[in-house]
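Comments concern the structure below.
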Amino acid sequence: MDVSFLGGPLPQRGIGVVAPFDFALDRELWRWVPDDVSLHLTRTPFVPVEVSLDLARLVSEHETLREAVRALSAVSPEVVAYACTSGSFVGGVVGERAMSAAMRQAGELPALTTSGALLGALNELGARRVAVVTPYTKSVTDSLEDYLREAGIQVCGRSYLGLTREIWRVAYRDVVAMAREAVAEGPEALFISCTNLPTYDVIPQLEAELRMPVISANQVTMWSALRSIGKEAVGPYQALLDPVARQGPASMTSEAGGQEVAPAVPPPAFPDEEG
């Protein structure tokens, strides 16, 4: 059958993604991406270290990032994103900016990191008091809190799992349990950290229950990368992506904030919860 009349595939925009060697959620990143955008992923070299501050430093060395960006340059992406939260906050605000600069110089194109995208997302939402949920150990979670504090963000609640490996296997029910614990003091938003922690399906349901914007590492990374090329991330009723969602349940505060509470709704059923 002659298909030459079709003229070839539709043009695609390109986003380069540098991920740590143990990143396992390629499919989750794609779920935020519109059909006319392609992701081009590469990974940092393997190092025999568990998830820790040491690993965060190893996978974010400037020469490692430069080599990854140079490899991605072969397919001409319009922007490059470093998809690792701990690797991009471990050096503080100055360290994150230096990483982005090293990537920009290596590829001569726009570059961003997950932690930089996080600050952009919080600014977009107007949130200065946040709760954080992480799969990390205490020391790595402390480092995230230090990064946010340095950027002028107050952390008013947190919950963490203490994991050092296979974070991608965490079930949604565990993320939900941490979220419910972390928001007791009435923050303006909740951040779920780590690009290796699944979050896509749980965000809109948590927003409905907690009545505040809920953002995650993979979400803010894709939101920022797409925004930089004039595109919008796609996702079901997520406050960061949809201004209409910000006027719904995610815009309402709990009794802890001393403001009016919306009529009670039954707790949503999460994909991994029984019953």
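The values are calculated or read from the model by the stated rules, or taken from the named source; none is laboratory data. These figures come from a predicted structure and were not determined experimentally. No Cβ is skipped: glycine too gets one built from the backbone with ideal geometry, and neighbour counts run over all protein chains shown. What goes into the accessible areas is simple: the full protein's heavy atoms, side chains included, and nothing from ligands, DNA or RNA. Shrake-Rupley method; radii C 1.70, N 1.55, O 1.52, S 1.80 Å.
Data table
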{"quantity": "Within segment 179-210, tally of residues that are under 15 Å from residue 144 (Cα atoms) and among the small types (Gly, Ala, Ser)", "calculated": "2"}
{"quantity": "Count - residues of segment 1-22 that are more than 22 Å from the chain's Cα centre (by Cα) and either of a type in the set (Asp, Glu) or surrounded by 14 or more Cβ atoms within 10 Å (Cβ to Cβ) (or both)", "calculated": "1"}
{"quantity": "Sole residue being farther than 30 Å from residue 66 by Cα, over 17 Å from the mean Cα position of the chain (by Cα), of a type outside the set (S, T, N, Q) and at pLDDT 95 or above, chosen from 128, 149, 158", "calculated": "128"}
{"quantity": "Segment 46-64 residues that are closer than 17 Å to residue 196 by Cα and touching a residue at least 40 places away in the same chain (Cβ under 8 Å), paired with ones that are part of a loop (DSSP other than H, G, I, E, B) and open to solvent by 80 Å² or more (accessible area, probe 1.4 Å) (beta carbon under 8 Å, 6 or more apart)", "calculated": "50/165; 51/165"}
{"quantity": "Members of segment 45-67 found to be open to solvent by less than 10 Å² (accessible area, probe 1.4 Å) and either assigned to a helix (DSSP H, G or I) or in contact with a Leu (Cβ under 8 Å, 6 or more places away or on another chain) (or both), listed by number", "calculated": "56, 65"}
{"quantity": "Residue list for segment 14-46, restricted to those being of a type in the set (S, T, N, Q) and out of contact with any Lys or Arg (no Cβ under 8 Å at 6 or more places or on another chain)", "calculated": "42, 44"}
{"quantity": "Output for segment 189-228, where each listed residue is open to solvent by 20 Å² or more (accessible area, probe 1.4 Å) and closer than 22 Å to residue 111 by Cα", "calculated": "223, 224, 227, 228"}
{"quantity": "Per-region count, segment 65-102, residues touching a residue at least 60 places away in the same chain (Cβ under 8 Å) and of a type in the set (Phe, Trp, Tyr)", "calculated": "1"}
{"quantity": "Listing of helices (runs of 4 or more DSSP H) fully contained in segment 83-166 that carry 2 or more residues being open to solvent by 50 Å² or more (accessible area, probe 1.4 Å)", "calculated": "92-107, 114-125, 138-150"}
{"quantity": "Top-ranked residue in segment 2-27 [being at pLDDT 95 or above and small (Gly, Ala, Ser); ranked as nearest to residue 107 (Cα to Cα)]", "calculated": "16"}
{"quantity": "Qualifying residues in segment 229-243 (those that are at pLDDT 95 or above and touching a Gly at 6+ places or on another chain (Cβ under 9 Å)) - the one least open to solvent (accessible area, probe 1.4 Å)", "calculated": "239"}
{"quantity": "Answer from 72, 25 - the residue that is more than 16 Å from the chain's Cα centre (by Cα) and either surrounded by fewer than 18 Cβ atoms within 10 Å (Cβ to Cβ) or over 17 Å from residue 231 (Cα atoms) (or both)", "calculated": "72"}
{"quantity": "Test: residue in segment 28-46 that is among the small types (Gly, Ala, Ser) and within 23 Å of residue 142 (Cα to Cα)", "calculated": "no"}
{"quantity": "Qualifying residue in segment 166-174 (condition: touching a strand residue (DSSP E or B) at 6+ places or on another chain (Cβ under 8 Å) and touching a residue at least 24 places away in the same chain (Cβ under 8 Å))", "calculated": "no"}
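Residue by residue, here is whether (1) within 19 Å of residue 89 (Cβ to Cβ); (2) in contact with a Ser or Thr (Cβ under 8 Å, 6 or more places away or on another chain) holds:
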residue	(1), (2)
193	yes, yes
197	yes, yes
202	no, no
207	no, no
210	no, yes
223	yes, no
227	no, no
233	no, no
240	yes, no
